[in-house]
Amino acid sequence: MRTLRTLDKQSNQTSFITQKFEETFGGSPAFIASAPGRVNLIGEHTDYNDGYVFPVAIDKYINIAARKRPDRRVTLHALDVDDAWEFSLDTLPAIPPQAPTWSRYFIGVASLLEASGREIVGIDAVITGDVPIGAGLSSSAALSVAATLAFLTASSELVGDGFPVPEDNKKKLAALCQRVEHEFVDVKCGIMDQTISLLGKENHALFLDCRSLEYEHVPLNLGEYAIAICNTKVKRELAASEYNKRRAECERGVDILSRRIPCISSLRDIALTDFKKHEEELPALTQKRCRYVIEENARVLEAVSVLKGRSQSAPEETDASLIRLGSLMNASHNGLRDDYEVSCKELDLLTDIARSITGVIGSRMTGAGFGGCTVSVVHQDALEIFQTRITTEYHQQTGIEPEIYLCNVSDGAQVFRSPGLS
């Protein structure tokens, strides 16, 4: 059963985007494609090391209201950046140099869908959403996923609540959306963000093996606890360049350790016990980077094990399981701060404030780092004091007003038609 708050929120967003579509194009959209953002509970910077991640889809969405056109033109209006763009499917995959960045997701999706042999049609579309841009909550992945479903729906006319995309197809579409970022936006991202946006399940986290792409929905059942995301409002200006450095250090570590540990191709293949036997053979910086990734993979596996064991636990053991999850989140942030060194003073401040509040069982940075957001698990009785102290103390020490998002764990992307849509 989807939560009432989520349903009300989507209803309000549907009404708003329908009105804007009518004002822009006249008439109603045929459907709305909706894709959620995500927050990663634990498992950061492990994806490009063939490791494990544990994200949830959140009830913040990119929405695209659309209808097909009789020709092969694509006309787009992006409300949140007050911009518009138009292109022809006949010119694909060319990207005009003046094309705004957000439009490249649509050009890329359309190009790759056609290259895969699908026949797609032109669309009129209005785009809006409430996934914060640049906060590390995967607004770009949500945009590419929603754009993909919009083109597929317009072209196949499969319109209705719960657009029927088989699970195996969702994995293929996630890979397509990842290629869009690599080839058309020049962002060499992992596949976690697109996968959770498509495969999210309400009240479940997604345990994803980034090598095999095998996954499992793990019941979260937070009960009296809530997920609170805090935005530092600091731009992640160093994230791209430092990301490449971290990746290179991890690859360097694998190269050195492969001379001692046979049959390894990534840090994912190295057990912590084996690493400790040989870590002194690594340069100091490489040693720190590798230690973090190997320990983080172990933390993800333990978090999954703890949560899967809760259904057989007594109530007091269930609470202990959540507390253990929180301690793993805290250890994850400490590793990101001290060994992987991708945190920043603002992220550390937010986690320090959160951890000092009774009722907060865990808090860590989430995303690439150097800004963006933290994620905390907070008892409902502590939410008011949490929001007050985060807002007040963070502003006192930084001069920045943070943003706080209290999120439900939501289903993945869907296409739907609400009453009143033609």
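Identify all residues within the range 399-422 that are charged (D, E, K, R), surrounded by 17 or more Cβ atoms within 10 Å (Cβ to Cβ) and at pLDDT 90 or above; write none if there are none. If the condition is that a residue be charged (D, E, K, R), surrounded by 17 or more Cβ atoms within 10 Å (Cβ to Cβ) and at pLDDT 90 or above, then D411 is the only one that fits.
Restricting attention to the range 16-50, the residues that are without any contact (Cβ under 8 Å) to a residue 12 or more places away in the chain and part of a helix (DSSP H, G or I) add up to 3.
Could you tell me whether any residue of the range 78-95 is crowded, with 20+ Cβ neighbours inside 10 Å and not in a helix (DSSP H, G or I)? For the range 78-95, residues crowded, with 20+ Cβ neighbours inside 10 Å and not in a helix (DSSP H, G or I): present. The condition of being touching a Leu at 6+ places or on another chain (Cβ under 9 Å), closer than 30 Å to G335 by Cα and buried (at least 21 other Cβ atoms within 10 Å of the Cβ) holds for only one of F54, F106, that being F54. Among the residues of the range 234-277, those that are part of a loop (DSSP other than H, G, I, E, B), open to solvent by 60 Å² or more (accessible area, probe 1.4 Å) and touching a helix residue (DSSP H, G or I) at 6+ places or on another chain (Cβ under 8 Å) comprise R260, C263, S265. The condition (being on the phi < 0 side of the Ramachandran plot, open to solvent by 50 Å² or more (accessible area, probe 1.4 Å) and hydrophobic (A, V, I, L, M, F, W, C)) is satisfied by just one residue among V187, V180: V187.
Listed by first and then second residue, the pairs with beta-carbon distance under 6 Å, at least 6 apart or on different chains, first residue in the range 266-283 and acidic (D, E), second part of a helix (DSSP H, G or I) and surrounded by 15 or more Cβ atoms within 10 Å (Cβ to Cβ), are E279/Q287. State yes or no: is S376 under 30 Å from K170 (Cβ atoms) and either assigned to a strand (DSSP E or B) or hydroxyl-bearing (S, T, Y) (or both)? It is true that S376 is under 30 Å from K170 (Cβ atoms) and either assigned to a strand (DSSP E or B) or hydroxyl-bearing (S, T, Y) (or both).
Tell me yes or no: at least one residue of the range 216-224 is surrounded by fewer than 19 Cβ atoms within 10 Å (Cβ to Cβ), over 14 Å from the mean Cα position of the chain (by Cα), under 22 Å from N297 (Cβ atoms) and of a type in the set (S, T, N, Q). No, there is no match, as no residue in the range 216-224 is surrounded by fewer than 19 Cβ atoms within 10 Å (Cβ to Cβ), over 14 Å from the mean Cα position of the chain (by Cα), under 22 Å from N297 (Cβ atoms) and of a type in the set (S, T, N, Q).
In the set (1) farther than 24 Å from E403 by Cβ; (2) within 25 Å of the chain's Cα centre (by Cα); (3) at pLDDT below 95, the condition left unmet by P132 is number (1). Counting the residues of the range 335-372 that are more than 21 Å from the chain's Cα centre (by Cα), part of a helix (DSSP H, G or I) and not charged (D, E, K, R) gives 3. Here G253, G326 are screened, and the one residue that is among the small types (G, A, S), touching a strand residue (DSSP E or B) at 6+ places or on another chain (Cβ under 6 Å) and without any contact (Cβ under 8 Å) to a residue 60 or more places away in the chain is G326. In the condition set (1) at pLDDT 95 or above; (2) surrounded by 13 or more Cβ atoms within 10 Å (Cβ to Cβ); (3) more than 25 Å from V306 (Cα to Cα), P283 is compliant with all but (2).
Answer yes or no as to whether L143 is hydrophobic (A, V, I, L, M, F, W, C), modelled with pLDDT under 95 and buried (at least 24 other Cβ atoms within 10 Å of the Cβ). No: the conditions fail for L143.
Just to be sure, is T358 modelled with pLDDT of 95 or more, open to solvent by 10 Å² or more (accessible area, probe 1.4 Å) and more than 20 Å from T232 (Cα to Cα)?
Judged against the criteria, T358 is a match.
Of the residues making up the range 335-382, those that are within 28 Å of G190 (Cα to Cα) and among the basic types (K, R) are R337, K345, R364. Annotation note: Cβ proximity below 8 Å between a residue of the range 168-193 that is closer than 18 Å to F207 by Cβ and a residue that is of a type in the set (D, E, K, R) (sequence gap 6+ or interchain) occurs for G190/D47; I191/D47; M192/R38; M192/D47; D193/R38. Is it true that Y292 is under 30 Å from T398 (Cβ atoms), touching a residue at least 60 places away in the same chain (Cβ under 8 Å), open to solvent by less than 10 Å² (accessible area, probe 1.4 Å) and in contact with an Asp or Glu (Cβ under 6 Å, 6 or more places away or on another chain)? So Y292 passes the test. Contact map, the range 71-82: residues that are closer than 14 Å to V121 by Cα and touching a residue at least 40 places away in the same chain (Cβ under 8 Å) paired with residues that are charged (D, E, K, R) and open to solvent by less than 60 Å² (accessible area, probe 1.4 Å), Cβ distance under 7 Å, separation 6+ or inter-chain. Pairs shown: T75/D124.
Every condition in (1) without any contact (Cβ under 8 Å) to a residue 40 or more places away in the chain; (2) more than 30 Å from K345 (Cα to Cα) is met by L199 except one, and the failing one is (1).
The values are calculated or read from the model by the stated rules, or taken from the named source; none is laboratory data. All values derive from a computational prediction rather than experimental measurement. Quick reminder, even Gly has a Cβ in these numbers, built from the backbone with ideal geometry, and neighbours come from all protein chains shown. Heads up: the accessible areas ignore ligands, DNA and RNA and are worked out on the full protein's heavy atoms, side chains in. Shrake-Rupley method; radii C 1.70, N 1.55, O 1.52, S 1.80 Å.
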